[in-house]
Every structure is written in structure tokens, then in C-alpha cells.
1. If I filter the range 55-84 down to residues being among the hydroxyl-bearing types (Ser, Thr, Tyr) and in a loop (DSSP other than H, G, I, E, B), which single residue comes out as surrounded by the most Cβ atoms within 10 Å (Cβ to Cβ)?
2. Taking the conditions exactly as written (modelled with pLDDT under 95 and under 19 Å from Asp127 (Cβ atoms)), does Val54 satisfy them or not?
3. Could you give me the residue pairs with C-beta distances under 8 Å whose first residue belongs to the range 33-55 and is closer than 15 Å to Thr19 by Cα and of a type in the set (A, V, I, L, M), whose second residue is open to solvent by less than 50 Å² (accessible area, probe 1.4 Å) and outside any loop (DSSP other than H, G, I, E, B) wherever it lies, and which are 6+ apart or on separate chains?
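The values are calculated or read from the model by the stated rules, or taken from the named source; none is laboratory data. None of the values given here were measured: they were computed from a predicted structure. Cβ placement follows ideal geometry from the backbone for every residue including glycine, while neighbour counts extend to all protein chains displayed. Side chains included, ligands, DNA and RNA excluded: accessible areas come from the protein's heavy atoms. Shrake-Rupley method; radii C 1.70, N 1.55, O 1.52, S 1.80 Å.
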Amino acid sequence: MQLVVGRIGRAHGIKGEVTVEVRTDEPELRLGPGAVLATDPAGVGPLTIETGRVHSGRLLLRFAGVGDRTAAEALRNTLLIAEVDPDETPEDPEEFYDHQLMDLDVVTVDGTVVGRIAEISHLPSQDLLIVERPDGSEVMIPFVGEIVTEIDLEEQRAVVDPPRGLLDSAEAEVASSRDADESGEQGSGAGADAGADAGQDAGQGSARGEGDV
């Protein structure tokens with residue numbers, strides 16, 4: 001099984017180092033020195049990691065045979081791919097490989113069918129489950145414990161508890177309009193109160209602020 005574990009970014013310095021966007025929960029295992037990785041595009045690789053370090057919160061790697069900035073910059077946007085045993089699972093029971101999540105049925109906590117997982121999108125801030133709905137449309141669900149409450153690999157099912165509006169854009173618009181109306185009402189009341197208070201303050205100020213401009 002091949003898994004994308006990283007994407008090469010810009011060159012760092014002049015000695016062949018590159019920044020890497022990590023796409024694995026096990027960077028020490030997948031992106032450690034000595035690891036040999038396939039690539040996309042395939043013609044760039046395979047690449048052997050020679051050194052690795054973290055600088056300012058970013059992973060920096062140097063690959064064997066890549067010794068200067070020009071060679072490093074030529075690798076930009078290359079995907080790094082690791083070979084993984086299909087039966088292998090992450091050490092953390094709360095973590096999953098992409099291939100384990102693909103095609104899982106997605107249902108809400110009350111049993112309503114949402115669709116099936118068609119893709120996993122790895123963003124810098126969080127991972128997203130791209131779920132294909134029965135009508136062919138797609139919905140993006142943040143892969144966080146508060147929303148994805150259960151992954152059952154035996155039943156091939158993911159259970160979600162979505163916040164209002166996540167699965168239904170119309171519901172989100174209604175909720176947003178309601179919140180805006182409530183905010184407006186509260187703002188009007190607060191504004192009126194503030195205006196009255198301001199008027200009282202102004203009156204008091206003119207009585208005792210004779211030297212103010």
C-alpha cells in the first residue's frame with residue numbers, strides 16, 4: 001500500500017534542504033533519515049532522506065544527491081510516498097491511515113445516511129473527510145473528535161455528530177440569518193441604552209467640565 005506522507009515545499013538555504021508539508025501522523029517513522037520514498041511525479045524519485053530537522057516549526061529534509069539550492073528547488077511540490085503494509089495500523093488507536101478511511105459509510109448519530117468517504121484532504125490546520133452524498137454532491141467534514149465520534153472499521157462505518165448547518169447549507173443560512181437578527185435586536189437595545197447613558201454623561205460633563213473643550 002502506498003501512502004502520501006509529505007509534500008516538498010520551497011528550498012531552505014543553499015545546501016539542498018527543503019521544507020516539507022507533513023501528511024502523516026508518524027513523521028519520525030515515515031520521514032526519518034534513511035527512509036527511501038517513492039515520488040509523484042515518479043521520475044523525480046526514489047528519494048533517500050539523508051538528514052532531517054525541525055526549524056521554526058517546519059520540517060526540513062535533505063535528500064541524498066541533492067546538494068544545492070537549485071537541485072532542491074527542482075523538487076518543489078513533489079509528493080513523497082511511503083510503502084506501508086496494508087495490515088499495518090498506527091500505534092495510536094485514535095489515528096487511521098487514509099486507506100482505512102476510504103469508502104467508509106458515513107452516518108449521523110441517529111442513523112441518518114450521509115454518504116461515503118471519497119477522499120481525505122490534509123490541510124495545515126486539520127484533516128477533512130470529503131464525503132460523497134447519495135445525490136452525487138460532496139460535503140466536507142472536519143476530522144475532529146467532536147464531530148467524527150466513531151470510526152468502526154469492522155462495520156466499515158464512520159459516525160458523525162455534525163453541528164447545525166454543516167450538512168445542510170440552507171439550514172446554515174437560516175441559522176446565520178437568525179443569529180444576525182438576534183444580534184441586531186440586541187445591538188439596537190444596547191445602542192439605545194448606550195445613547196441614553198451617553199446623554200446623561202454629556203449632561204453631567206457640561207455641568208462640571210467648564211474647562212474642557
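1. Step one: list which residues in the range 55-84 are among the hydroxyl-bearing types (Ser, Thr, Tyr), which gives 56, 70, 78.
Going one step further and asking which of them are in a loop (DSSP other than H, G, I, E, B), we end up with 56, 78.
Working: Ser56: 7, Thr78: 22.
Checked the range 55-84; the qualifying residue surrounded by the most Cβ atoms within 10 Å (Cβ to Cβ) is Thr78.
2. Details: modelled with pLDDT under 95: yes; under 19 Å from Asp127 (Cβ atoms): no.
No, not satisfied.
3. Short answer, once both residue conditions are applied: Leu47/Leu37; Leu47/Thr39; Leu47/Phe63; Leu47/Leu80; Ile49/Leu37; Ile49/Leu61; Ile49/Phe63; Val54/Leu60.
Let's see how each residue does on (1) within 17 Å of Val160 (Cα to Cα); (2) in a helix (DSSP H, G or I); (3) out of contact with any helix residue (DSSP H, G or I) (no Cβ under 8 Å at 6 or more places or on another chain):
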| site | (1), (2), (3) |
| --- | --- |
| Gln100 | yes, yes, yes |
| Val107 | yes, no, yes |
| Ile117 | yes, no, no |
| Ser125 | no, no, yes |
| Leu128 | yes, no, yes |
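The rows are residues; the columns are (1) of a type outside the set (Asp, Glu); (2) in a helix (DSSP H, G or I); (3) under 29 Å from Val148 (Cβ atoms).
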| position | (1), (2), (3) |
| --- | --- |
| Val4 | yes, no, yes |
| Arg7 | yes, no, yes |
| Arg10 | yes, no, no |
| Glu28 | no, yes, yes |
| Gly34 | yes, no, no |
| Arg53 | yes, no, no |
| Glu95 | no, no, yes |
